[in-house]
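Undergrad: Here it is, the structure, as structure tokens.
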Protein chains: 2
Amino acid sequence: MTFEIKYRDAAGRICKYATKHGTITTPNLMPVINPNKLIISPKEMIKLFGTEIVITNSYIINGDEKLRKKALEEGIHKLLEFKGPIMTDSGTFQSYVYDNVNIDPLEIIEFQRDIGSDIGTILDVFGKPDQTKEEAKQGIKETISRAKKSIKLKGNMALACTIQGSIYPDLRTKCAHEISKIGSDFFPIGGVVPLMENQNYHMLLNIILSSKKGLNPSKPVHLFGAGHPMIFPVAVALGCDFFDSAAYAKYANDKRFLFSEGTEKLDDLTELPCSCPICSKYTLLELKKLDEKEKIREIAKHNLYISFTEIKKIRNAIRNGSLWELVERRANSNPYLLDALKVLEIGKNKLWLEQFEPVRKINALFYTGNHTIHRPLIYRCHNRLLNRYSALFKETVIFPDGKKPYFRFYYKQIQDIFRKNNEINILIDAKIGPVPLELDEMYPYAQSIFPKITDDETGKHVTKILEKFIKNKKIICWIGEKTLDKIKSAKSKTYNFDKIRISAISDIQFGKGAGKELLKGKLKIVKSKKTGKIRNIYLNNKHILSMRASDGMFSLKMNGASILHKIFKFPKLRVIVNKDATSFIKEGKSVFAKFVKDCDPELRPFDECLIVNEKDSLLAIGRCILNREEMLSFDYGVAVKTREHS
Amino acid sequence: MTFEIKYRDAAGRICKYATKHGTITTPNLMPVINPNKLIISPKEMIKLFGTEIVITNSYIINGDEKLRKKALEEGIHKLLEFKGPIMTDSGTFQSYVYDNVNIDPLEIIEFQRDIGSDIGTILDVFGKPDQTKEEAKQGIKETISRAKKSIKLKGNMALACTIQGSIYPDLRTKCAHEISKIGSDFFPIGGVVPLMENQNYHMLLNIILSSKKGLNPSKPVHLFGAGHPMIFPVAVALGCDFFDSAAYAKYANDKRFLFSEGTEKLDDLTELPCSCPICSKYTLLELKKLDEKEKIREIAKHNLYISFTEIKKIRNAIRNGSLWELVERRANSNPYLLDALKVLEIGKNKLWLEQFEPVRKINALFYTGNHTIHRPLIYRCHNRLLNRYSALFKETVIFPDGKKPYFRFYYKQIQDIFRKNNEINILIDAKIGPVPLELDEMYPYAQSIFPKITDDETGKHVTKILEKFIKNKKIICWIGEKTLDKIKSAKSKTYNFDKIRISAISDIQFGKGAGKELLKGKLKIVKSKKTGKIRNIYLNNKHILSMRASDGMFSLKMNGASILHKIFKFPKLRVIVNKDATSFIKEGKSVFAKFVKDCDPELRPFDECLIVNEKDSLLAIGRCILNREEMLSFDYGVAVKTREHS
């Protein structure tokens, strides 16, 4: 079973997952099929919702003589009349809910294997949230021990080994780490149902994060038992790939409608506030008048329409880089979920999330509230600014936020300043944080939409960053034309703002000092005739950089790469490939993850990189698709998209 | 044409609107039908979306010889093949967009009347946002003058007289006031299209508010030209009843999908992120492959599914009291809309909004972000607390926020305090604001869901209210058991917390001093055996009050009303009905608006009230449905729901 990243945003990803019964796209949702209580048949699910994968419970099938026999004789796919991949559960949840459940942990693996399950699940020990740490420790010990034994029996079935550890982050990470080591194919995160029921999303996010931190990133992660669509976006943003839904049926049985923003009881509604085919087909009264069974069936369909639509929305959001916007919008609908986002504002979690965050996106960044400023992308922007940027001059004039791009908005004022003194930095105190004028066209500074008035937390946070940024520097705040009087006259003859701009962007993108070295020599800057913006940069008649109009960032050319290769010490900016890949890369082919030997740990998805061999010879340049940890873990898929080769 | 309020929330309302062609429910949406460019027929709209009313442009029909003739001969309903109410526009917008449009303002009224339009529109002067105030003044002068002349020609057609005034709030209010005086039947708010196009929602809300402030509340208000569903919730919350949508077709022509949270271009999508019948019927690829005309038609259908669903969501939200939640959620999706909500935080706007806000709701109040604390309901809570509540004792112990109800959460600590000193007030410093212990079961204190950590603005705002509330009082902050040492011993023998509770709730609900007077005599308190909560209160063996379990507020009984009638001077708490209604009310019938002579200006929707005749004899008690201004304006519908009569 292969698993490879195709698109990504936040710590979420769109992957191709190949199973014995076909390849599917993640994130994906598996409706739970109970063959004893079939509300909607798998066949109908394919037709209505485009269902690609389902999950059923092997414990229930095993416990029913007729089903058991049929499953063993004809296979689970025949039994369910579903040709796509089928995951089976083991009965862990039943052991948790009912006391008198007796399942042999190894027999149930053999049974799942024998009925032809695509993904079987170990019988793990459910870690209840009210366990003591010692109990939880014993639980994961037993879970890991069972996982080890189960793997020997799995045959050609993929085996899902569940992460437990109750509410103890260190135990979750430990369990995840152990389970990763033994070669599990699939990682359910278990024991979360009671947290969902109590709307303890704060703990839920903690558990996802601590589990993910210990997991091998190259295998699918399944948030087991979290079937409410409200939770899907944030779970995907933290790296979950699969969800299962028993909720569609459970909520329908209680006459409750799932929505991406919450739940509505049929009795509380006066109209059907939804456009799905079910809610468009009936009026509320008509729906209420249906016989009980049909009513439940129709509400269950509504629930699956909504659940699958949320998955589609998430995949769209990943592709166009707006997953955090979706996460924050959903959180704004529920105070408990809003509380939960605070978990993502903790330093160590931001640090972890930042590794997966692409450096640029197709869409502008939208502010939605006081969580926005803590997004990993903005966190990185601030860090790169503090660590990679160096101001050229001693004095800085600070302008308040204005329209974008700032250079145009403050054109007159800037010209007035430069006429008097061009040895001065211009800085914008923007809602997103400090923006040196020379970065004003770069993503996300130009491509972000903040309200005129942001919230106080954002203001405070940004002020802190600004204070760090201007510490020990001479500052003049622009308060109108009279500010000019405060500026001393000073003129540099070699002053060239384009050069300053190119240098600063290079530093931010490639590392401190990159700009200075890239511009040593005879420079030629080609600008767009239409927009006047920088397009191509030549050094000593060689093309070293191109600037993308969409995000104001550089594409590296081989000539530019050679310079960076010289100035930055190994392994900085490098992806190191083993010798088997060298010839392919010299043909311009992309770097597949399995050929990556090592990688600069500071490279992030969509960063420009130097592709080198083990002897550090520069082979090509490209755009990272994966970060270091992923490159070293994944066996499938592209690690670096090669753009040019030597 | 009658118009009456059936349900309400925020300053929004669900009304029955009777036209010549049937009665419809507002808020409602009129798709724009262009008979020359029919994308979806009105007939199909009824079937697919349950469309109840449409709008078409009489200027276009008048300008096309064939359409003109048919409309005059067979009527507009035959022409459009639509039996429900039809509104017609006059060509104002065309005059604004194109220079060479020549329409006679009175001929176009006659034409609309003659083709049988249900609601015709005057040819008003479009107030552009970049007009000077003088130009805008001239514009409304001409608009009002045309309205006056048009009314004489309207026949039995309802006439919509548009409110203009560009971006000048005082001119909007003035225009609205003048237009109300001359007997218009329907109030479009005009000139907003350019604001929608520039996403200047801040100004849009200002304009809606200033227009509404001048309008007679008993007629439908139509936000003319605002067809994006994202804007519907906030517009309804401010009192708009109708929207028209040309957007469904205009956006479809550009291959853009409307969503309640914004817009998506077909080309930016990789999957259809929606569950409507169109998006459920096709894959993205299939939709893209449709021929151009069919593709536009299908996207237009999607756009109308979404638009009508948003209207249904709004109506549901009004019925269950969650309209502000919906408004805030939508605003969180768009930074410009978020900016716009700041308009509603301005004192005079809160003051205006508060008049329409029901005093209690079916659902709990949900926090969604830093606007929540400015909701009119919370604003009123704080005001009633500051103005109507009197603390019993000199000293107050303040507890931090905790679980609800607070009495149970802090039971042990409270008992410890009371054992030592029961002449002490207990106050909770809650996220929603200060909550005296005796109000802890009352709406919204017990029925509100805030996150554990609220935002800084909310914190600051609440602190300000708390400081006002405890000003000049002796305060002890509870910081654990050692706080007990700071409390001096003092015991009152007559102390009875139930009595304190009843008294405080009475003061908040009915007015300062109500509690003291209501409890003078032999008191009997009946509690629920199941919950232990107060249910019924008897004074001298007479039933004076019942407490609702759902919101912890009192229903007034006739015996209680008599006491309040004695202690509160006319017109406090009264709705005064004219003599024609007296006999009906004595039969227990509800008070219709047209029989109301006057009313206590402090009564709010769902407040308990005393129904009296012009001589101030107490006839009955009831629950207000309308506020004073509405009672005096509406000709139709219930003003007070009578509960008991003498």
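The values are calculated or read from the model by the stated rules, or taken from the named source; none is laboratory data. Nothing here was measured: the structure is a model prediction, and the numbers come from that model. All Cβ positions, even for glycine, are placed from backbone atoms using ideal geometry, and neighbour counts span all protein chains on display. Side chains are part of the model used for accessible areas, which takes the heavy atoms of the whole protein and leaves out ligands, DNA and RNA. Shrake-Rupley method; radii C 1.70, N 1.55, O 1.52, S 1.80 Å.
Undergrad: Residues that are closer than 30 Å to B:Asn320 by Cα: list the helices (runs of 4 or more DSSP H) wholly contained in the range B:1-88 that include at least 2 such residues. Explain how you work it out, then say what you get.
TA: On the way: elements: B:42-49, B:58-63, B:65-74, B:76-80.
By residue number, B:42-49.
Undergrad: Quick one: A:Ser117 ticks every box in (1) out of contact with any strand residue (DSSP E or B) (no Cβ under 7 Å at 6 or more places or on another chain); (2) assigned to a loop (DSSP other than H, G, I, E, B) bar one, so which box is it?
TA: Going through the list (1) out of contact with any strand residue (DSSP E or B) (no Cβ under 7 Å at 6 or more places or on another chain); (2) assigned to a loop (DSSP other than H, G, I, E, B), A:Ser117 breaks only (1).
Undergrad: Taking B:Phe510 and the conditions (1) surrounded by 19 or more Cβ atoms within 10 Å (Cβ to Cβ); (2) closer than 21 Å to B:Val397 by Cβ, which numbered condition does it fall short on, given that it satisfies the others?
TA: Checking B:Phe510 against (1) surrounded by 19 or more Cβ atoms within 10 Å (Cβ to Cβ); (2) closer than 21 Å to B:Val397 by Cβ, the one that fails is (2).
Undergrad: Within the range A:65-81, which residues are open to solvent by less than 20 Å² (accessible area, probe 1.4 Å) and more than 17 Å from A:Ala300 (Cβ to Cβ)?
TA: Within the range A:65-81, the subset open to solvent by less than 20 Å² (accessible area, probe 1.4 Å) is A:71, A:75-76, A:80.
Hits for the range A:65-81 are A:Ala71, A:Gly75, A:Ile76.
Undergrad: Which residues, counting only those in the range A:284-318, are out of contact with any Asp or Glu (no Cβ under 8 Å at 6 or more places or on another chain) and within 8 Å of another protein chain (Cβ to nearest Cβ)?
TA: A:Tyr305, A:Ile306, A:Phe308, A:Thr309, A:Lys313
Undergrad: Looking at A:Asn387, is it modelled with pLDDT under 95 and either away from chain B (no Cβ under 14 Å) or within 17 Å of the chain's Cα centre (by Cα) (or both)?
TA: Working: modelled with pLDDT under 95: no; either away from chain B (no Cβ under 14 Å) or within 17 Å of the chain's Cα centre (by Cα) (or both): yes.
For A:Asn387, the condition - modelled with pLDDT under 95 and either away from chain B (no Cβ under 14 Å) or within 17 Å of the chain's Cα centre (by Cα) (or both) - is not met.
Undergrad: Also, I was wondering about something else. Mind telling me which of the residues B:Leu545, B:Leu556, B:Leu573 ends up being touching a residue at least 40 places away in the same chain (Cβ under 8 Å), open to solvent by less than 10 Å² (accessible area, probe 1.4 Å) and at positive phi?
TA: Details: B:Leu545 fails: at positive phi; B:Leu556 fails: at positive phi.
The conditions single out B:Leu573.
Undergrad: Would you mind listing the helices (runs of 4 or more DSSP H) fully within the range A:557-646 where at least 1 residues are more than 30 Å from A:Asn540 (Cα to Cα) and in contact with a strand residue (DSSP E or B) (Cβ under 7 Å, 6 or more places away or on another chain)? Spell out the reasoning first.
TA: On the way: elements: A:558-567, A:579-586, A:628-633.
Hits in the range A:557-646: A:579-586, A:628-633.
Undergrad: Given (1) within 25 Å of A:Lys460 (Cβ to Cβ); (2) of a type in the set (Lys, Arg); (3) in contact (Cβ under 8 Å) with a residue 12 or more places away in the chain, identify the lone condition not met by A:Lys361.
TA: (1)
Undergrad: Would you please list the contacts, defined by Cβ atoms under 6 Å and residues six or more apart or on different chains, that run from a residue in the range B:578-589 that is under 17 Å from B:Lys615 (Cβ atoms) to a residue that is open to solvent by 100 Å² or more (accessible area, probe 1.4 Å)?
TA: B:Asn578/B:Lys597
Undergrad: Among the residues in the range B:204-224, are any over 28 Å from B:Glu264 (Cβ atoms), of a type in the set (A, V, I, L, M, F, W, C), part of a helix (DSSP H, G or I) and modelled with pLDDT of 95 or more?
TA: First, pick out the residues of the range B:204-224 that are over 28 Å from B:Glu264 (Cβ atoms): B:206, B:209-221.
Those left that are additionally of a type in the set (A, V, I, L, M, F, W, C): B:209, B:215, B:221.
The next check asks that each one be part of a helix (DSSP H, G or I); those that pass are B:209.
Adding the requirement that they be modelled with pLDDT of 95 or more leaves B:209.
Taking every residue of the range B:204-224 in turn, at least one turns out to be over 28 Å from B:Glu264 (Cβ atoms), of a type in the set (A, V, I, L, M, F, W, C), part of a helix (DSSP H, G or I) and modelled with pLDDT of 95 or more.
Undergrad: Could you tell me which of the residues B:Ile417, B:Ile398, B:Ile426 is in contact with a Cys (Cβ under 6 Å, 6 or more places away or on another chain) and more than 14 Å from chain A (Cβ to nearest Cβ)? Talk me through it step by step, then tell me what you get.
TA: Details: B:Ile417 fails: in contact with a Cys (Cβ under 6 Å, 6 or more places away or on another chain); B:Ile426 fails: in contact with a Cys (Cβ under 6 Å, 6 or more places away or on another chain).
Testing whether each residue is in contact with a Cys (Cβ under 6 Å, 6 or more places away or on another chain) and more than 14 Å from chain A (Cβ to nearest Cβ) leaves just B:Ile398.
Undergrad: If a residue must be on the phi > 0 side of the Ramachandran plot and open to solvent by less than 40 Å² (accessible area, probe 1.4 Å), how many such residues does the range A:199-225 contain? I'd like the intermediate steps shown before the answer.
TA: Applying the first criterion (on the phi > 0 side of the Ramachandran plot) to the range A:199-225 yields A:199, A:225.
Applying the additional criterion that residues be open to solvent by less than 40 Å² (accessible area, probe 1.4 Å) yields A:225.
Qualifying residue count for the region: 1.
Undergrad: Further question on the same structure: Which one is surrounded by the most Cβ atoms within 10 Å (Cβ to Cβ) among residues in the range B:155-168 that are over 25 Å from B:Leu209 (Cβ atoms) and in contact with a helix residue (DSSP H, G or I) (Cβ under 6 Å, 6 or more places away or on another chain)?
TA: Here is the first cut: in the range B:155-168, the residues over 25 Å from B:Leu209 (Cβ atoms) are B:155-157.
Imposing the further condition that a residue be in contact with a helix residue (DSSP H, G or I) (Cβ under 6 Å, 6 or more places away or on another chain) reduces the set to B:155, B:157.
Working: B:Gly155: 13, B:Met157: 22.
Here the answer is B:Met157.
Undergrad: Picking from A:Leu238, A:Leu153, A:Leu195, which residue would you name as being at pLDDT 95 or above, more than 14 Å from chain B (Cβ to nearest Cβ) and under 22 Å from the mean Cα position of the chain (by Cα)?
TA: On the way: A:Leu153 fails: under 22 Å from the mean Cα position of the chain (by Cα); A:Leu195 fails: under 22 Å from the mean Cα position of the chain (by Cα).
Exactly one of A:Leu238, A:Leu153, A:Leu195 is at pLDDT 95 or above, more than 14 Å from chain B (Cβ to nearest Cβ) and under 22 Å from the mean Cα position of the chain (by Cα), namely A:Leu238.
Undergrad: While we're on this one: Just to verify a result, which residue in the range B:251-267, among those that are without any contact (Cβ under 8 Å) to a residue 24 or more places away in the chain and surrounded by fewer than 15 Cβ atoms within 10 Å (Cβ to Cβ), is farthest from the other protein chains (Cβ to nearest Cβ)? Give the steps one after another, and end with the answer.
TA: Initially, the range B:251-267 is screened for residues without any contact (Cβ under 8 Å) to a residue 24 or more places away in the chain, giving B:254, B:264-265, B:267.
Remaining after also requiring surrounded by fewer than 15 Cβ atoms within 10 Å (Cβ to Cβ): B:254, B:265, B:267.
Values: B:Asp254: 18, B:Lys265: 10, B:Asp267: 11 Å.
Among residues in the range B:251-267 that are without any contact (Cβ under 8 Å) to a residue 24 or more places away in the chain and surrounded by fewer than 15 Cβ atoms within 10 Å (Cβ to Cβ), the one farthest from the other protein chains (Cβ to nearest Cβ) is B:Asp254.
Undergrad: At pLDDT below 95, in a loop (DSSP other than H, G, I, E, B), in contact with a Phe, Trp or Tyr (Cβ under 7 Å, 6 or more places away or on another chain) and open to solvent by 10 Å² or more (accessible area, probe 1.4 Å) - does that describe any residue in the range A:89-97?
TA: No, the range A:89-97 has no match at all.
Undergrad: Okay, next question. Of the residues A:Lys529, A:Lys516, which single one is closer than 28 Å to A:Pro444 by Cβ, charged (D, E, K, R) and part of a loop (DSSP other than H, G, I, E, B)?
TA: On the way: A:Lys516 fails: part of a loop (DSSP other than H, G, I, E, B).
When all the criteria are applied, what remains is A:Lys529.
Undergrad: Could you tell me how many of the residues in the range A:39-64 are open to solvent by 10 Å² or more (accessible area, probe 1.4 Å) and among the aliphatic types (A, V, I, L, M)?
TA: 4
Undergrad: Looking only at the range A:621-646, count every residue that is free of Cβ contacts under 8 Å to residues at least 60 places away in the same chain and among the hydrophobic types (A, V, I, L, M, F, W, C) and tell me the total.
TA: 3
Undergrad: Might you check whether a residue that is surrounded by 24 or more Cβ atoms within 10 Å (Cβ to Cβ), touching a His at 6+ places or on another chain (Cβ under 9 Å) and not in a helix (DSSP H, G or I) occurs anywhere in the range A:127-136?
TA: Within the range A:127-136, not a single residue is surrounded by 24 or more Cβ atoms within 10 Å (Cβ to Cβ), touching a His at 6+ places or on another chain (Cβ under 9 Å) and not in a helix (DSSP H, G or I).
Undergrad: Note down all Cβ pairs under 7 Å where the first residue falls in the range A:328-356 and is facing another protein chain (nearest Cβ under 9 Å) and within 16 Å of A:Pro233 (Cα to Cα), the second is assigned to a loop (DSSP other than H, G, I, E, B) and basic (Lys, Arg), and they're at least six residues apart or on different chains.
TA: Cβ pairs passing all conditions: A:Asp339/B:Lys452.
Undergrad: If I ask for residues that are farther than 18 Å from B:Thr56 by Cα and of a type in the set (Asp, Glu), which ones from the range B:242-259 would you list?
TA: Within the range B:242-259, just B:Asp254 meets the criteria.
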